[in-house]
Amino acid sequence: MSSYLIRKTPGDTEWFRHDRFGMFIHFGLYALPARHEWVKSYEKIPEDKYNTYFENFDPDLCDPRAWARAAKAAGMKYAVLTTKHHEGFCLFDTKYTDYNVMNTPYGRDLVREYVDAFRAEGLKIGFYYSLIDWHHPDFPIDIYHPRRDDENAEAQDKDRDMHKYAQYMRNQVEELLTGYGKIDIMWFDFSYGDEDQNKTNPGYHSWMRYGGGKTAAQWEAEELLKLARKLQPGIIIDNRTDLEADLWTPEQFQPSKWVTDRDGNLVTWEACQTFSGSWGYFRDEQTWKSPEMLINLLINTVSIGGNLIMNVGPTGRGYLDYRAEAALKEYAEWMKYNSRSIYGCTMAEPEFKTPQGTRLTQSEDGKRLYIHLQEYPFAFLEMHGLADKIRYAQFLNDASEVPFTIGGSGHFSNFGADSGDDLVVFHLPAVKPHTVVPVIEVLLK
Ligand code: GLC
């Protein structure tokens, strides 16, 4: 059994850590401008102009079943959809605002279609819900708000009632957590309470309430979380309400060690990453990740005990564009043959010394060790800490034997700078196996 002790929280995180890999879906009106989901804030777009996207939201090629099939093929086991992003537009049928999908030309509850489709493919269901809301009339104007630099911004802000907005969120969360069956994850986003930092933000004005940001107190986060847990016992909740909950969420960077809470305890965590930089569909973005980078993000994350949720941003017509499809296919291809080193795996026990150019994972039951050859070595791979544990080794992608010798003795004594009784030397073919990152599966005693 893995020896790592992970902080226990109210949510049911065991399945989550086992499954390791999910799909994030960012879909909303911002798919139409197609230049970042923050476009309303970045460009300070006025309400009436942004409304054009609402009036034209008609993703006629939207087929959540196709998204679900692609996710499943990629080896993803759960998904999280933006039921509402910062723009405030709701993808679900809600009675608390007209600013929802039912009143667009599309006219169907997209959250329902998503839930049905992903459930049918056997994936677990998550809802992203933005705490930030750039449409709601009671959301106080702050450093990110599109109206922050309006001449009369302060006057516009004056009568906004944060308490009413917090109630609105609870009402909607209740709709989401009662109307769609079992929901496995609730992903709130996000808090920005550091007043010192907020003051240096170009969007800051001295009249802004709460130091230009918002934290747990303004979201009334304790109540919000209590409600969510009452309606969906076992639901996994992220930490972005500014309260520590079940899930820690490093974004768009690769942690180099297991994420910890404030007291240094290991926690359940999930890196969220994009294919190309933005979360919403961004037509002209050029920073699409290479196949190696995509696969390595997953490996690196699991090798330090985390999950990866990889994002897609459907186009304004609702389909996943060719670049997203290609990226998902990379995962599908790799996971088809190598997923055993991901599901049910975690950081390898510290006794196993990671050879240069590789990353390790180990099955939770401790019986198998996985060496991911991120840099394919020539002829030999040397590893310490394994000699008295190794029983057999094979490539994971085709179960072909990987012969090994132990110690620096015999006719292998010359090749390595290294030797010793605890040295295992794997003998590798000159030609790299036909998979982006080959994996050696070691069966342990
Ligand atoms: C953010 C962003 C955002 C994205 C996300 C996902 O901080 O504001 O657009 O939804 O988190 O992690």
How many residues are open to solvent by 70 Å² or more (accessible area, probe 1.4 Å) and in contact with a Pro (Cβ under 7 Å, 6 or more places away or on another chain) when one looks only at segment 144-198?
0
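So which residues in segment 180-201 are in a loop (DSSP other than H, G, I, E, B) and free of Cβ contacts under 8 Å to residues at least 40 places away in the same chain? If you could, list the steps in order and put the result at the bottom.
So in segment 180-201, the residues in a loop (DSSP other than H, G, I, E, B) come out as 180-184, 190-194, 200-201.
Asp194, Thr200 - these are the residues of segment 180-201 that are in a loop (DSSP other than H, G, I, E, B) and free of Cβ contacts under 8 Å to residues at least 40 places away in the same chain.
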Residue count for segment 104-138, restricted to those that are over 23 Å from Trp67 (Cβ atoms) and either open to solvent by 10 Å² or more (accessible area, probe 1.4 Å) or away from the ligand (no atom under 15 Å from the Cβ) (or both)
4
Within segment 228-243, restricting attention to residues that are part of a loop (DSSP other than H, G, I, E, B) and of a type outside the set (Gly, Ala, Ser), which residue is nearest to the ligand (Cβ to nearest atom)?
Arg240
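Report yes if Thr94 is more than 16 Å from the ligand (Cβ to nearest atom), at pLDDT 95 or above, of a type in the set (Ser, Thr, Tyr) and within 23 Å of the chain's Cα centre (by Cα), otherwise no.
Numbers: more than 16 Å from the ligand (Cβ to nearest atom): yes; at pLDDT 95 or above: yes; of a type in the set (Ser, Thr, Tyr): yes; within 23 Å of the chain's Cα centre (by Cα): no.
Against the criterion (more than 16 Å from the ligand (Cβ to nearest atom), at pLDDT 95 or above, of a type in the set (Ser, Thr, Tyr) and within 23 Å of the chain's Cα centre (by Cα)), Thr94 does not qualify.
Suppose we filter segment 307-316 for residues that are within 16 Å of the ligand (Cβ to nearest atom) and out of contact with any Lys or Arg (no Cβ under 8 Å at 6 or more places or on another chain); how many remain?
We begin by selecting, within segment 307-316, every residue within 16 Å of the ligand (Cβ to nearest atom); these are 307-314.
Next cut, out of contact with any Lys or Arg (no Cβ under 8 Å at 6 or more places or on another chain) only: 309-314.
Residues meeting the conditions: 6.
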Long-range neighbours under 9 Å by Cβ, at least six apart or interchain, first residue at pLDDT 95 or above and of a type in the set (A, V, I, L, M, F, W, C) within segment 256-279, second near the ligand (Cβ under 10 Å from one of its atoms) and open to solvent by 40 Å² or more (accessible area, probe 1.4 Å):
Ala271/Glu251; Ala271/Gln252; Cys272/Glu251; Cys272/Gln252
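Restricting to segment 44-75, name every residue that is under 23 Å from Met23 (Cβ atoms) and surrounded by fewer than 20 Cβ atoms within 10 Å (Cβ to Cβ). Let's see the steps before the verdict.
First pass over segment 44-75, keeping only residues under 23 Å from Met23 (Cβ atoms): 57, 59-75.
Of everything in segment 44-75, those that are under 23 Å from Met23 (Cβ atoms) and surrounded by fewer than 20 Cβ atoms within 10 Å (Cβ to Cβ) turn out to be Asp60, Leu61, Asp63, Arg65, Ala66, Arg69, Lys72, Ala73.
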May I ask you to list the residues in segment 244-268 that are open to solvent by 40 Å² or more (accessible area, probe 1.4 Å), part of a loop (DSSP other than H, G, I, E, B) and either away from the ligand (no atom under 16 Å from the Cβ) or basic (Lys, Arg) (or both)?
Glu244, Ser256, Lys257, Arg262, Asp263, Gly264, Asn265
Hits in segment 380-426 - residues which are more than 22 Å from Ala348 (Cα to Cα) and either modelled with pLDDT of 90 or more or outside any loop (DSSP other than H, G, I, E, B) (or both)
Asp398, Ser400, Gly410, His411, Phe412
Give the residues of segment 204-227 that are in contact with an Asp or Glu (Cβ under 8 Å, 6 or more places away or on another chain), part of a loop (DSSP other than H, G, I, E, B) and within 18 Å of Lys158 (Cβ to Cβ), sorted by residue number.
His205, Trp207, Met208, Lys214
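The values are calculated or read from the model by the stated rules, or taken from the named source; none is laboratory data. Predicted, not measured: the structure shown is a model, and the values here were computed from it. Heads up, the Cβs are rebuilt from the backbone with ideal geometry, glycines too, and the neighbour counts pull from every protein chain shown. Note: accessible area is taken over every heavy atom of the protein model, side chains too, but ligands, DNA and RNA are not part of it. Shrake-Rupley method; radii C 1.70, N 1.55, O 1.52, S 1.80 Å.
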